[in-house]
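Here the structure comes first, spelled out in C-alpha cells, and everything after it is commentary.
None of the figures in this text is laboratory data; all of them are computed from the coordinates on show. None of the values given here were measured: they were computed from a predicted structure. Glycine gets a Cβ as well: all are built from the backbone with ideal geometry, and neighbour counts include every protein chain shown.
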Amino acid sequence: MKLPDIEPVADAVHRAWMKAKLAQGVTSRKSEAGEELMVEYEQLSEAAKDLDRETVRAVYSAIESLSEEPDR
C-alpha cells in the first residue's frame, strides 16, 4: 500500500490539532523549550515539526501492521 508523503500529512495533522485547540478556547501553546506551537506548520522549528511527523509515522505503522494481518 502506497501512503502519502509524510510532510503534507504532518502539515494537515498540525492544522487539525490547532483547530481542535482553538475550538477548546486555547490560543497559545508552547513547547517545553518555550516555542509557540499555535502557528502555521511552516513557521515551526524542525524539532516541533518532528512531533507531527512522528504522529504520522505512528499512524502509518499502525495502518501497515493492520494491513499485513490475514484476518483484516
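Against the chain, whose longest principal axis is taken from its Cα atoms, helix 46-68 shows a tilt of about 20°. Residue-normalised convex hull volume from the C-alpha trace of the chain: 104 Å³ per residue. Rounded to the nearest Hz, the phi-derived 3J(HN,Hα) couplings of the range 6-13 under the Karplus curve 6.51 cos²θ - 1.76 cosθ + 1.60 (θ = phi - 60°) are 5, 4, x, 6, 4, 4, 5, 4, where x marks glycine and proline. Listed from fewest to most Cβ neighbours within 10 Å, the set LYS30, LYS2, LYS49 follows the order LYS2, LYS30, LYS49. Evaluating 6.51 cos²θ - 1.76 cosθ + 1.60 at θ = phi - 60° for every residue in the range 37-42, the Karplus couplings come out as 9, 8, 9, 4, 3, 4 Hz, glycine and proline recorded as x. Annotation: lysines with alpha-carbon distance below 24 angstrom to LYS19 (same-chain offsets under eight excluded): LYS30, LYS49.
The H on the amide N of ARG29, modeled in the peptide plane, is under 5 Å from the matching H of LEU37, MET38, each at least 5 residues off or on a different chain. The helix-based estimate of mean residue ellipticity at 222 nm for the chain, built from -39,500 (n - 2.57) per DSSP H run of four or more residues and divided by its residue count, is -19500 deg cm²/dmol to the nearest 500.
Counting only other residues whose beta carbon sits under 12 Å from that of ALA10, what net charge do I get with K and R as +1, D and E as -1? Charge balance near ALA10 sits at -4.
The phi-based Karplus calculation (6.51 cos²θ - 1.76 cosθ + 1.60; θ = phi - 60°) puts the 3J(HN,Hα) values of the range 24-31 at 8, x, 7, 10, 9, 8, 10, 6 Hz, whole numbers, x for Gly and Pro.
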